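One structure below.
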Amino acid sequence: MNLFFQLILFSFYIPLFLFQAYGERKNFYLFLFVSGPAFLSYFYILTRTASLFAENTFSRFPKLFFDRFTKTPPKFVSFGFSKSSFTQWIGLGFVLRILFYLTPPTLSEDVYRFLWDGLLVSEGISPFSFLPGEFSIVTLPIEKSKLASELLREMNSLRFYSVYPPVLQFLFYLSAQGMCFFNKIHAGILIWKSFLFFSEIGILWFLLKMLKEAELSQWSVLIYWLNPLVLLEIGGNGHPESILVFCLLVAVWYLWRWIQTTRTKDVLIHFIFLIFGILTKITPLILVSLSGWILFRRKKIRLLILFYLLPLLGLFAGIVFFPEWAIKQKTSGIGVFFQLFEFNGSIYYILREFLKVIGEDFYKSGRICGITALVLILLYSFWKRKEESLQKIFKTVEGIYLLFLIFATTVHPWYILPLLALSVFSQSIAPMVWSLVILVSYSTYTVSPYEDSFVWLGVEYGVLFLFLHIDYKLISSLKESSQRIDSKT
C-alpha cells in the first residue's frame with residue numbers, strides 16, 4: 001500500500017514535468033496550475049513523514065513540528081509511510097531529477113550564456129572582455145560560429161559582460177567542449193546538467209551524513225530532495241545553485257565543527273569550501289562577516305589575517321593592476337547586477353517608489369538597499385557570533401541570506417534554494433512556503449516589455465512575512481516550553 005500511494009503522489013509531479021518539457025514561460029497561469037499538484041504532494045509528504053497533523057489539532061503544532069527533527073521515529077498515521085519507504089522516496093527523487101534534467105530550459109535562457117562563456121574560453125578568449133552583442137563571430141571556426149550564432153539568438157544578456165566566477169567558467173568550458181564535439185547545443189546543455197546532477201548527489205550524501213552525525217531525523221532531507229522548485233530550477237532550467245548549495249553546506253558544517261573542536265583542519269575546510277562557493281556564485285561573500293566575528297571573538301588573529309586580509313589584498317591588487325576589467329564589471333557587469341537589474345524585489349521596490357514620489361533620484365535605491373543590507377548583516381553576524389549549537393548556526397546563516405534577499409534588487413526563484421537547504425537544519429517553515437509563492441514572480445513575463453506585477457509581489461511577500469512571523473512564534477513557543485521545563489526541574 002505504501003508503494004502504491006507513493007506512486008500516486010509521485011504522479012502529481014508529472015504535470016509540472018510536462019510543462020517544463022513542452023510549455024512556454026508566457027503561459028503563467030498554466031504554469032501555476034500545474035505547479036499546484038506538485039507542491040500539494042510535496043507538503044503532504046512532509047506532513048506525513050513528520051506526522052505534523054497526527055492528532056488532528058493545531059494546538060500541538062509547535063511540538064509536532066519540532067519533533068520532526070529529533071531521533072524519535074515519527075508516529076505514522078492514515079496514509080503515513082514506513083521507515084522502509086524512505087529509500088523509495090530517495091529513489092523517486094532520483095527519477096524526478098532524471099526526468100527534469102532531460103527537459104529543455106523553458107523558464108530561463110541563462111544556460112545559453114553559460115555555453116557562450118565556455119565557447120569563448122575554449123578559444124582562449126576571456127568572457128569578461130567582450131560583450132556578446134559586440135563580439136564578431138566570424139573570427140571563430142565555421143562550426144563554432146554556427147553554434148555561437150544559435151546561442152546569441154537564445155540569449156537575453158547581449159549587453160552585459162559575464163559575471164560568473166572562475167569555478168563556473170571552468171565547468172562552462174567543459175560543457176562547451178562537449179557541445180562542439182557533438183556539434184549540438186543540446187549536448188552541451190546535457191553535459192552542463194550532468195555537473196549539476198552530481199552536485200545534487202553530493203548534497204544528498206552530505207545532508208544525510210550531517211543529519212546522522214547530529215543525530216537528527218533522516219526524513220528531513222526530503223525538504224530539499226523532493227522540493228518542486230529545486231527540480232524545476234536546477235534540473236529543468238540548469239541553474240548552478242546546486243554547486244553553491246553543496247559548498248555552502250560543507251562550509252557551514254565545518255564552521256560548526258571548528259566551533260566545537262577548534263581543530264585547524266576544520267576551519268581550513270570551512271574556508272576552502274567558502275572560497276569555492278564564492279568562486280561559484282559571489283553571494284557567499286555575505287557569510288564572511290560571520291566567520292570573521294567568530295574568529296575575532298576567539299582571538300584567532302593569525303587565521304583572521306590569513307583568510308581575510310590576504311584575499312582582500314589580492315582583490316585590491318587585481319583592481320589596481322587590471323583597472324580596465326574593474327571598470328567593465330562596474331559599468332556593464334556585476335555593478336549593473338547590484339544596482340540596475342530589477343526583478344521580484346521587496347524593500348527595494350518600496351524604496352524606489354517612495355523616492356519617485358518625493359522627486360528624488362530613484363536610481364539611488366539600489367545603492368541604499370545594498371549599504372543597508374551590508375550594515376545589517378555585519379550587525380547581525382556580530383550579534384550571533386556566540387552561537388554554538390548546530391541548529392542556531394544554520395539559523396544564523398539563514399538569517400544572513402534572508403537579509404540579503406529582502407534588500408536585494410533582484411530575487412530570481414533559484415536564489416532562495418540555499419535557504420531551502422539551510423531549513424533542513426534551521427527548522428524554518430518560511431523557506432518551504434517561499435519556494436511555492438515565489439513562482440508568482442514569473443508573472444513578469446506575461447507582459448511586454450517585462451514588468452513586475454505589484455499585485456503578485458504583494459501576495460508573495462505578504463505570505464512570506466506571515467510565515468516568517470509564524471517561524472518566530474514557533475521558536476518563541478519552544479523556548480518558553482523549555483524554560484518552563486527547566487524551572488520545574
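The values are calculated or read from the model by the stated rules, or taken from the named source; none is laboratory data. The structure displayed is predicted, hence computed values, not measured ones. Note that each Cβ is placed from the backbone with ideal geometry, even for glycine, and that neighbours are counted across all protein chains shown.
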Exercise for the section: Filter the stretch 1-59 down to residues that are modelled with pLDDT under 85, hydrophobic (A, V, I, L, M, F, W, C) and in contact with a Leu (Cβ under 8 Å, 6 or more places away or on another chain), then give me how many there are. Expected result: 4
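Looking at GLU360, is it of a type in the set (D, E, K, R), under 25 Å from the mean Cα position of the chain (by Cα) and modelled with pLDDT under 90?
The answer is no for GLU360.
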Exercise for the section: Being within 13 Å of ILE438 (Cα to Cα) and either hydrophobic (A, V, I, L, M, F, W, C) or modelled with pLDDT under 95 (or both) is the filter here, so list the residues in the stretch 459-471 that pass it. Expected result: VAL459, VAL463, LEU464, PHE465
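Of the residues that make up the stretch 202-210, is at least one among the charged types (D, E, K, R), more than 24 Å from LEU419 (Cα to Cα) and surrounded by fewer than 24 Cβ atoms within 10 Å (Cβ to Cβ)? Please lay out each step first, then the result.
If we filter the stretch 202-210 for residues that are among the charged types (D, E, K, R), which is where we start, we get 209.
After this cut, where a residue has to be more than 24 Å from LEU419 (Cα to Cα) as well, the list is none.
Taking every residue of the stretch 202-210 in turn, none turns out to be among the charged types (D, E, K, R), more than 24 Å from LEU419 (Cα to Cα) and surrounded by fewer than 24 Cβ atoms within 10 Å (Cβ to Cβ).
Among the candidates LEU374, LEU340, which residue alone is at pLDDT below 90, out of contact with any strand residue (DSSP E or B) (no Cβ under 9 Å at 6 or more places or on another chain) and surrounded by fewer than 17 Cβ atoms within 10 Å (Cβ to Cβ)? Let's see the steps before the verdict.
Working: LEU374 fails: at pLDDT below 90.
From the options LEU374, LEU340, the qualifying one is LEU340.
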Problem - GLU215, sole failed condition from (1) at pLDDT below 95; (2) surrounded by 15 or more Cβ atoms within 10 Å (Cβ to Cβ); (3) of a type outside the set (Ser, Thr, Tyr); (4) farther than 23 Å from PRO127 by Cβ - result: (2)
Handout entry: Single residue of GLY188, GLY93 found to be buried (at least 18 other Cβ atoms within 10 Å of the Cβ) and touching a Cys at 6+ places or on another chain (Cβ under 9 Å)
Key = GLY188
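So, MET155, is that one touching a helix residue (DSSP H, G or I) at 6+ places or on another chain (Cβ under 7 Å), over 30 Å from GLN260 (Cβ atoms) and crowded, with 21+ Cβ neighbours inside 10 Å or not? Don't jump to the end; show me each part of the working.
Working: touching a helix residue (DSSP H, G or I) at 6+ places or on another chain (Cβ under 7 Å): yes; over 30 Å from GLN260 (Cβ atoms): yes; crowded, with 21+ Cβ neighbours inside 10 Å: no.
No, not satisfied.
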Practice task
Can you tell me which residue within the stretch 107-146, out of those that are of a type in the set (A, V, I, L, M) and free of Cβ contacts under 8 Å to residues at least 40 places away in the same chain, is farthest from ALA176 (Cα to Cα)?
Solution key: VAL138
Exercise for the section: Give the residues of the stretch 443-466 that are surrounded by fewer than 21 Cβ atoms within 10 Å (Cβ to Cβ) and in contact (Cβ under 8 Å) with a residue 60 or more places away in the chain, sorted by residue number. Expected result: THR444, TYR445, THR446, ASP452, PHE454, LEU457
Exercise for the section: List the helices (runs of 4 or more DSSP H) that sit entirely inside the stretch 159-268 and contain at least 3 residues that are aliphatic (A, V, I, L, M) and out of contact with any Pro (no Cβ under 9 Å at 6 or more places or on another chain). Expected result: 166-182, 185-213, 241-261
Completion exercise
ASP117: passes all of (1) assigned by TED's automatic domain parsing to the domain that holds PRO240; (2) of a type outside the set (A, V, I, L, M); (3) touching a helix residue (DSSP H, G or I) at 6+ places or on another chain (Cβ under 6 Å) but (1)
Exercise for the section: Only residues that are surrounded by fewer than 18 Cβ atoms within 10 Å (Cβ to Cβ), outside any helix (DSSP H, G or I) and not aromatic (Phe, Trp, Tyr): list them for the stretch 107-137, please. Expected result: GLU109, GLU123, GLY124, ILE125, SER126, SER129, LEU131, GLY133, GLU134, SER136
Practice task
Might you check whether a residue that is in contact (Cβ under 8 Å) with a residue 40 or more places away in the chain, within 24 Å of VAL440 (Cα to Cα) and in a helix (DSSP H, G or I) occurs anywhere in the stretch 376-395?
Solution key: no
Practice task
Determine whether GLY399 is of a type in the set (Gly, Ala, Ser) and in contact with a helix residue (DSSP H, G or I) (Cβ under 8 Å, 6 or more places away or on another chain).
Solution key: yes
Problem - Hits in the stretch 391-420 - residues which are more than 23 Å from TYR349 (Cβ to Cβ) and touching an Asp or Glu at 6+ places or on another chain (Cβ under 9 Å) - result: ILE393, LYS395, THR396
Exercise for the section: Considering (1) more than 13 Å from ALA408 (Cβ to Cβ); (2) touching a helix residue (DSSP H, G or I) at 6+ places or on another chain (Cβ under 9 Å), say which one ILE358 fails and leave the rest. Expected result: (2)
Problem - Qualifying residue in the stretch 326-337 (condition: at pLDDT 85 or above, out of contact with any Cys (no Cβ under 6 Å at 6 or more places or on another chain), crowded, with 17+ Cβ neighbours inside 10 Å and not small (Gly, Ala, Ser)) - result: no
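Taking the condition over 23 Å from ARG25 (Cβ atoms), in the same structural domain as LEU279 (by TED's automatic domain parsing), part of a helix (DSSP H, G or I) and in contact with a helix residue (DSSP H, G or I) (Cβ under 6 Å, 6 or more places away or on another chain), does LEU92 pass? Reasoning before the result, please.
Numbers: over 23 Å from ARG25 (Cβ atoms): yes; in the same structural domain as LEU279 (by TED's automatic domain parsing): yes; part of a helix (DSSP H, G or I): yes; in contact with a helix residue (DSSP H, G or I) (Cβ under 6 Å, 6 or more places away or on another chain): yes.
The answer is yes for LEU92.
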Completion exercise
Scanning the stretch 95-132 residue by residue, those aromatic (Phe, Trp, Tyr) and either under 26 Å from the mean Cα position of the chain (by Cα) or closer than 22 Å to ASN27 by Cβ (or both) turn out to be PHE100, TYR101, TYR112, PHE114, TRP116, PHE128
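Residues checked against (1) closer than 30 Å to TYR450 by Cα; (2) assigned by TED's automatic domain parsing to the domain that holds TYR450; (3) polar (S, T, N, Q):
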position: SER122; (1), (2), (3): no, no, yes
position: LEU131; (1), (2), (3): yes, no, no
position: VAL138; (1), (2), (3): no, no, no
position: ILE142; (1), (2), (3): no, no, no
position: PRO165; (1), (2), (3): yes, no, no
position: LEU171; (1), (2), (3): no, no, no
position: LEU174; (1), (2), (3): no, no, no
position: MET179; (1), (2), (3): no, no, no
